[in-house]
1. Give the number of residues within segment 126-154 that are under 13 Å from F212 (Cα atoms) and part of a loop (DSSP other than H, G, I, E, B).
2. Of A187, A218, which residue is part of a helix (DSSP H, G or I), touching a residue at least 40 places away in the same chain (Cβ under 8 Å) and surrounded by fewer than 19 Cβ atoms within 10 Å (Cβ to Cβ)?
3. Which residues, taken from segment 160-176, are surrounded by fewer than 18 Cβ atoms within 10 Å (Cβ to Cβ), within 21 Å of F122 (Cα to Cα) and in contact with an Asp or Glu (Cβ under 9 Å, 6 or more places away or on another chain)?
4. Under 6 Å by Cβ, and 6 or more places apart or on different chains, what pairs join a residue from segment 46-67 that is surrounded by fewer than 12 Cβ atoms within 10 Å (Cβ to Cβ) with one that is not small (G, A, S)?
5. Tell me which of these Y157 doesn't satisfy, since it passes every other one: (1) outside any loop (DSSP other than H, G, I, E, B); (2) surrounded by fewer than 19 Cβ atoms within 10 Å (Cβ to Cβ).
6. Filter segment 140-167 down to the residues that are more than 20 Å from the chain's Cα centre (by Cα) and not hydroxyl-bearing (S, T, Y) and list them by number.
7. Residue check, I92 against (1) within 17 Å of C20 (Cα to Cα); (2) among the β-branched types (V, I, T); (3) more than 16 Å from the chain's Cα centre (by Cα), all met but one. Which one?
8. Name the residue that is nearest to the chain's Cα centre (by Cα), counting only residues in segment 16-45 that are basic (K, R) and surrounded by 13 or more Cβ atoms within 10 Å (Cβ to Cβ).
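Taken together, the values in this text are just the output of simple stated rules run on the coordinates, not laboratory data. Just so it is clear, the structure is predicted and the values come from calculations on it, not from any experiment. Glycine also receives a Cβ, built like all others from the backbone with ideal geometry; neighbour counts cover every protein chain displayed.
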Amino acid sequence: MKTTLLFLTLTPALFGAIGCTLSNPAEDLKYLYPQMTTFKEELKEFPRLSNGAALYRGLKSRLGSDLDPIYEAFDTPYTVYSVFQGATRIGIVHGVNVPGKGGVIQVFLSLHPETAEIQKFFFQRLESPAARALRSKEFRDQFTGLTLADFYKHDYYVVADPGAKADKVAGIKQPAMDSSAKPDYFASIRGIRKNLILVDYFVYARRFEPFFERAQQAAAKAKKE
């Protein structure tokens, strides 16, 4: 028993940061994309990127919160799934871990390969008293069509034009839940944002960076005023 407890205690240190992968990629991806013929897995890690250290430092500012030492460490591995129909890539799937009140929450997104729009958002793991509400189709469907640009624009509108009708993220309706479960709602939103930021890094060559810069400029201007 002592040996087992010691092993469990040392596991995070021994094995490093914890990544997020699909439990059964072949079946899961086929469910998301019935027309799929093949898929490819690519491992992404900040230490292996030419500008990985700088990108990792930027993750905190783009996420707007501190990084978790277990699930968001510099050496955390990420798996990007590219889905194909014949020779045509028809989807990108990526998941992240975020700490929740009831344990780790695994947030997955399937994205359009060209526009980076969210096609589907789902939880692989969610232990929360609000699990039913957060997994509901009504809640998850609100994110369909959103991109990272919409989250960066939200940062801009909060400072420059609060309540703007064009702020799609502000228009997301929180499902009914007990106040004690709200941390898991905010953790889920954070997971979606983090997912989009990482995929923008790994797949879309930081396409949405101009929207982040504009939000930063607006915040700096407001601070001076």
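1. Residues that pass the stated criteria total 1.
2. A218
3. Within segment 160-176, K173, P175 meet the criteria.
4. P47/D75
5. (2)
6. Scanning segment 140-167 gives V158, V159, A160, D161, P162, G163, A164, K165, A166.
7. All conditions are met except number (3).
8. K44
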